[in-house]
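The values are calculated or read from the model by the stated rules, or taken from the named source; none is laboratory data. Since this is a predicted model, take the numbers as computed values, not measurements. Positions of Cβ are backbone-derived with ideal geometry, glycine not excepted, and every protein chain shown enters the neighbour counts. Areas reflect the complete protein model, heavy atoms only, side chains present, ligands, DNA and RNA absent. Shrake-Rupley method; radii C 1.70, N 1.55, O 1.52, S 1.80 Å.
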Amino acid sequence: MATHRHWLLLLFLPWALLSRRGAQPPDALYPVVLLPGNTCSQLEARLTDAYEPPPESPQCGAGSNERGRWFRLWRNATAMDDPAVAPCLADQLRVVYDPAARDFRNEPGVETRVLGFGSTADFLADTEANKDLCMGRLVEALQQAGYRDGETLFGAPYDFRQAPAARGQPCRAFARFTRRLRALVERASRENGGRPVVIVSHSQGGYFALEFLNRSPLPWRRRYVKHYVMASTGAGGFLLPLRNLASVPRDALEAPDALVALPSPAVFGPGTPPLVVTRARNYTARDIPEFLAAIGVPPLGVTLYETRALPLQLGFRAPVVPTTCINGVGQPTMEQLVYWDGNFSETPQVVYGDGDGFLPVASIVALDTVIGGDPRQEYYKSIKLAGTSHAGVVSDAAALKRVVDEILWSPPI
Ligand SMILES: *[C@@H]1O[C@H](CO)[C@@H](O)[C@H](O)[C@H]1NC(C)=O
Ligand SMILES: *[C@@H]1O[C@H](CO)[C@@H](O)[C@H](O)[C@H]1NC(C)=O
Ligand SMILES: *[C@@H]1O[C@H](CO)[C@@H](O)[C@H](O)[C@H]1NC(C)=O
């Protein structure tokens, strides 16, 4: 009997494999995995008894009906508009640095999870603007091209409050994301006849995708990644986090994503104009530690920049899989901040230059040398869309067509 079943298996196995292959139309789509930008993933939270409400908002704790139940933490417009609840949300969204764990984590008593990993259905789309920003239009365009969520189209949302940290620095959030994304890519490939996947990121998603790729074994990348399409990520960060940190210096301890996006000395090096100008002294990207100290960032915040964020910026490098970078240019973009009197609490005078409205053109052009110039990077293509904004790259009709064409196109391997 056992032998008989064994034989049956042997007889049916090749047939089953052939029929599965035969079921695939010859022009079957390559599976696509999307990583959206900052604030585009939705988070759920659950409070435990360890949660202590902030002293000025005791209503967030006592008698709260939220304990033990998962609720929408981000984005929860109802709660944000309720003056009694908004401070609770702000408090529960904080991440704090835990020196014992050498890592960022939620506040004690707040558990969080990312909504809808594996799908694009829960990317933030509560307003038209968020739909534009958060790949909603791209998802629609891909569906028109025949893609189906959960079958050929997959989403990799992530905890955008966290950021990958330099190698050797504990970063549980990114380690967990890496494990889940690796499993997702393998599943997407397996369920699509073993085809390699196309990874597409927008904005902050690029930091996650690139670090994910660069920390995956090269044979794995070559086996599973057909093409990486990176939209609206620069090789050297941008100036907005500089200005934001100047107005809220404590964020250096609570917003690791801001530290990673600061202008990189690898791109804004000697010979580039200073990023910050005061009467007494100027600051280039190399002087960011001094700048952080000058604006009032606590010493721990400066150390976190130097140990977790800066090495990551300096390690921005080619993923060694076929890569296309798509960026907007021709939009007024913050290029220099002038605090003439050296008072960083004041609103700076902003000098504008070229870019996508967030990323200065220097950060965009540097992709061509950092990724395109790496001798190991066999296929690299750069598309610069004139007059297109940071979000426009994944939402303007003409830009979307270019992005979808890149996703559907097969680069020579
Ligand atoms: C939004 O937040 C409020 C207050 O925390 C909560 O009661 C509500 O359930 C949340 N909404 C969703 C959809 O989870
Ligand atoms: C700061 O930079 C500006 C513009 O590049 C330059 O004109 C000025 O001399 C510099 N100031 C100092 C104090 O180095
Ligand atoms: C700096 O600017 C802030 C905001 O305008 C003001 O309140 C403060 O007094 C200024 N500090 C100094 C030392 O001038």
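Rg over Rh for the chain works out to 1.01, using Cα positions for both radii and the Kirkwood form for Rh. For the pair region 122-180 / region 345-367, the C-alpha centres are spaced 25 Å from each other.
Counting only heavy atoms of protein chains, what accessible area per residue, in Å², does the chain have with a probe of 1.4 Å? Spell out each step's value before the answer.
Working: 18500 Å² over 413 residues.
With the other protein chains kept in place, the chain gives 45 Å² per residue.
Counting only protein heavy atoms and using a 1.4 Å probe, the accessible area of Ile199 comes to about 0 Å². In plain terms, if you count all Cα to Cα distances in region 162-280 and split them into 5 Å steps from zero, the share in each step is 2, 9, 16, 19, 18, 13, 9, 7, 4, 2, 1, 0, 0 percent. Just to be sure I understand: with springs between alpha-carbon atoms less than 10 Å apart, which residue in Arg137, Arg376, Arg286 has the highest mean-square fluctuation in the Gaussian network model of the chain? Greatest mean-square fluctuation among the candidates belongs to Arg376.
From the protein chains alone at 1.4 Å, what is the descending order of accessible area for Leu314, Leu34, largest first? Please report the intermediate quantities before stating the final value.
Working: Leu314 100, Leu34 0 Å².
Most to least solvent-accessible, the answer reads Leu314, Leu34.
Put Leu73, Leu133 in order of accessible area, highest first, and with a 1.4 Å probe you get Leu133, Leu73.
When the Kirkwood radius is taken over all Cα pairs of region 45-114, what Stokes-Einstein diffusion coefficient follows at 20 °C and 1.002 mPa s, in µm²/s? It would help to have the intermediate numbers written out before the result.
Values: Rh = 12.5 Å.
For these conditions, the coefficient is 171 µm²/s.
Taking the helices alone, the chain has a mean residue ellipticity at 222 nm of -9500 deg cm²/dmol, built from -39,500 (n - 2.57) per DSSP H run of at least 4 residues and averaged over all its residues. Near the amide H of Gly155, within less than 5 Å, lie the amide hydrogens of Leu34, Gly118, Ser119, Thr120, all on another chain or at least 5 residues away, with H placed in the peptide plane. In percent, rounded to a whole number, the relative contact order of the chain is 17, using alpha-carbon pairs under 8 Å and six or more apart. If R0 equals 35 Å, the separation of the Cβ atoms of Thr303 and Arg67 corresponds to a calculated FRET efficiency of about 0.50. When the Cα positions of Met80, Gly68, Ala90 are compared along the charge dipole of region 45-114, Gly68 comes out farthest toward the positive end, with charges on each C-beta of Lys, Arg, Asp and Glu.
Beta bridges assigned by DSSP with both partners in the chain are antiparallel in approximately 40 percent of cases. Given a 10 angstrom Cα cut-off, can you work out which residue in Pro196, Pro217, Pro298 is the most mobile in a GNM of the chain? Checking each option, the largest mean-square fluctuation is seen for Pro217.
Taken one residue at a time, the phi angles of region 82-95 give Karplus couplings (6.51, -1.76, 1.60, θ = phi - 60°) of 9, x, 7, 9, 3, x, 5, 4, 4, 5, 6, 7, 5, 10 Hz. Gly and Pro are set to x. For the chain, taking a cut-off of 4.7 Å between Cβ atoms, the unpaired cysteines are Cys171, Cys325. Compared with the direct C-alpha span, the chain from Gln144 to Glu56 gains 26.7 nm at full extension, assuming 0.36 nm per residue.
Looking only at region 163-185, which residues have a backbone nitrogen under 20 Å from a spot 7 Å from the Cα of Arg105 in the C-beta direction? The answer is 163-166, 168-179.
Roughly speaking, what is the stretch gain from Asp341 to Arg172, that is 0.36 nm per residue apart minus the C-alpha to C-alpha distance, in nm to one decimal? Walk me through the numbers before you get to the answer.
Details: separation 169, 0.36 × 169 = 60.84 nm, distance 4.14 nm.
That works out to 56.7 nm of additional length.
Using a probe of 1.4 Å on the protein chains alone, the accessible area found for Val302 is around 20 Å².
Taken one residue at a time, the phi angles of region 365-373 give Karplus couplings (6.51, -1.76, 1.60, θ = phi - 60°) of 5, 5, 4, 5, 8, 5, 8, x, x Hz. Gly and Pro are set to x.
Distance between the pseudo-spin-label points of Arg190 and Asn282 (7 Å out from Cα toward the beta carbon): 5.6 nm. Structure remark: mean-square fluctuation, Gaussian network model of the chain, C-alpha springs under 10 Å; the largest value among Glu107, Glu254, Glu211 belongs to Glu107.
Tell me which GluC sites (Glu not before Pro) from region 270-374 have a DSSP coil assignment and no more than 12 other beta carbons within 10 Å of their own. It would help to have the intermediate numbers written out before the result.
Working: sites: Glu290, Glu306, Glu335, Glu346; in loops: Glu346.
Sparse-neighbourhood loop GluC sites (Glu not before Pro): Glu346.
What does the charge dipole of the chain about its Cα centre add up to, to the nearest 20 debye, if the Cβ of each Lys and Arg holds +1 and the Cβ of each Asp and Glu holds -1? Before the final figure, lay out the partial values.
Details: 42 positive and 41 negative charges, 392 e Å.
That gives the chain a dipole magnitude of about 1880 debye.
Taking all protein chains as they are arranged and a probe of 1.4 Å, the heavy atoms of Asp122 leave approximately 50 Å² accessible to solvent.
Determine, from the Cβ-Cβ distance of Arg113 and Ser410 and an R0 of 30 Å, the FRET efficiency 1/(1 + (r/R0)^6), rounded to the nearest 0.05.
0.25
Straight-line cross-link reach from Lys381 at under 20 Å between alpha-carbon atoms covers these aspartates and glutamates, not counting any fewer than eight positions away in the same chain: Glu211, Asp356, Asp368, Asp405, Glu406. Taking θ as phi - 60° and the Karplus parameters 6.51, -1.76 and 1.60, the scalar couplings of region 132-144 work out to 4, 5, 9, 6, x, 5, 5, 4, 4, 5, 5, 5, 5 Hz in sequence order, x denoting glycine and proline.
Hey, with R₀ at 25 Å, roughly what FRET efficiency would Val248 and Glu128 work out to, going by the Cβ-Cβ distance, to 0.05?
Values: r = 29 Å, r/R0 = 1.14.
Computed FRET efficiency for Val248 and Glu128 comes out at 0.30.
Would you mind working out the magnitude of the charge dipole of region 45-114 relative to its Cα centre, with +1 at each Lys and Arg C-beta and -1 at each Asp and Glu C-beta, to the nearest 20 Debye? Working shown, then result.
Working: 9 positive and 11 negative charges, 68 e Å.
Its charge dipole is roughly 320 debye.
The trypsin sites (Lys or Arg not before Pro) of region 237-284 meeting both criteria, a DSSP state outside H, G, I, E and B (loop) and at most 14 other C-beta atoms within 10 angstrom of the site's C-beta, are Arg279, Arg281. The length gained on full extension between Arg222 and Val351, counted as 0.36 nm times the residue separation minus their Cα-Cα distance, comes to 42.1 nm. Computing the accessible area with a 1.4 Å probe over protein heavy atoms, can you report the carbon and sulfur percentage for region 160-236? Its accessible area is 52 percent carbon and sulfur atoms.
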